[in-house]
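Report on the structure given below.
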Amino acid sequence: MARFVAQADAAEARGDAREALRIIQTFPTMPDGGPLWLPNRVGLLRQLVELGDDVSPAAISRWLVAQAARHLTATTRRAHLRAMEAAVAARGGLLALPGGDALDRRVKVMDHDWLYRQLFVYEYDALQRFVDDRAAPDLIGRADRIGEWAQASLGAHLHDGQWVLGRRVPISDGEMFEGPPLPVPADVAEPIARDPEGWVEHLTAGCRRHGTTPRRDGSTAGINLEPADDWSVLSDAPGGW
């Protein structure tokens, strides 16, 4: 299975969505019959293949971010572990998280947790390393100001009347969120608006006050730290996050 994952990863890093999708469709499951690939990855590749040359440069930048978020190597291992530790702590510890065992819980954090993604990709430089060391020059050339995305700061914003945390990044005709912004209560957003550099500490404190979701006990109260499956790389239409 690891060989097929490596082949699909390499195809994506070259910018070959069609080949990556072919590999995924040829080897769709684990030996036990469970899915080998995340549904949002498969859906993104299908959209990229269908659109072909009509994919916007901004969407290519988001594709690079999505690849960087799962790019684990010897050079990114420490960043991964630091991001994992912080994300798990913010949600009350590993035993509070949904999943069949400790490994399953950690995998779910890596695949879905908003705080983990922000720390690993941006604060701990996984995106910059992916662009520098892994992504093909042709793919980088198709992207929209991806070097500036890697340096973008996180802040608190009012979006459609709701406080959210996110990174606004430059594109050729303006700016947009690099990915799904995180809805938070005002008492979490306001300290971050005053002190953006301390956003991790302020968000962690807010998670402890309000609780987080999803949780092992099924609670739906608190800050939802797993919004990533609900957003689209290719669109910012309502409901696309």
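Brief remarks on what is shown
So that you can scan it fast, the table gives a plain yes or no per residue for (1) within 20 Å of Glu226 (Cβ to Cβ); (2) within 20 Å of the chain's Cα centre (by Cα); (3) at pLDDT 95 or above:
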{"residue": "Pro28", "(1), (2), (3)": "no, no, no"}
{"residue": "Pro35", "(1), (2), (3)": "yes, yes, no"}
{"residue": "Gln47", "(1), (2), (3)": "no, yes, no"}
{"residue": "Ala69", "(1), (2), (3)": "yes, yes, yes"}
{"residue": "Arg105", "(1), (2), (3)": "yes, yes, yes"}
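- All positions within the range 213-223 that are at pLDDT below 95 and touching a Leu at 6+ places or on another chain (Cβ under 9 Å): Thr213, Pro214, Arg215, Arg216
- When the range 92-127 is filtered for residues that are among the aromatic types (Phe, Trp, Tyr), assigned to a helix (DSSP H, G or I) and in contact (Cβ under 8 Å) with a residue 40 or more places away in the chain, the ones remaining, listed by number, are Trp114, Phe120, Tyr122.
- Selection within the range 128-164: residues that are in a helix (DSSP H, G or I) and among the charged types (D, E, K, R). The member of this set that is surrounded by the fewest Cβ atoms within 10 Å (Cβ to Cβ) is Asp138.
- Ala11, sole failed condition from (1) of a type in the set (A, V, I, L, M); (2) farther than 17 Å from Arg62 by Cβ; (3) surrounded by 15 or more Cβ atoms within 10 Å (Cβ to Cβ); (4) at pLDDT below 95: (4)
Residue by residue, here is whether (1) at pLDDT 95 or above; (2) hydrophobic (A, V, I, L, M, F, W, C); (3) touching a Gly at 6+ places or on another chain (Cβ under 9 Å) holds:
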residue	(1), (2), (3)
Asp138	yes, no, yes
Val164	yes, yes, no
Val200	yes, yes, no
Asp236	no, no, no
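- Residue in the range 56-72 that is in a helix (DSSP H, G or I), free of Cβ contacts under 8 Å to residues at least 12 places away in the same chain and surrounded by fewer than 19 Cβ atoms within 10 Å (Cβ to Cβ) present: no
- Condition check for Gly174: surrounded by fewer than 16 Cβ atoms within 10 Å (Cβ to Cβ), over 26 Å from Ser61 (Cα atoms) and modelled with pLDDT under 95: no
- Single unsatisfied condition, Leu21 versus (1) crowded, with 16+ Cβ neighbours inside 10 Å; (2) free of Cβ contacts under 8 Å to residues at least 24 places away in the same chain; (3) not charged (D, E, K, R): (2)
The values are calculated or read from the model by the stated rules, or taken from the named source; none is laboratory data. These numbers come from a predicted model, not from an experiment. In this analysis, Cβ positions are derived from the backbone assuming ideal geometry, glycine residues included, and neighbour counts consider all displayed protein chains.
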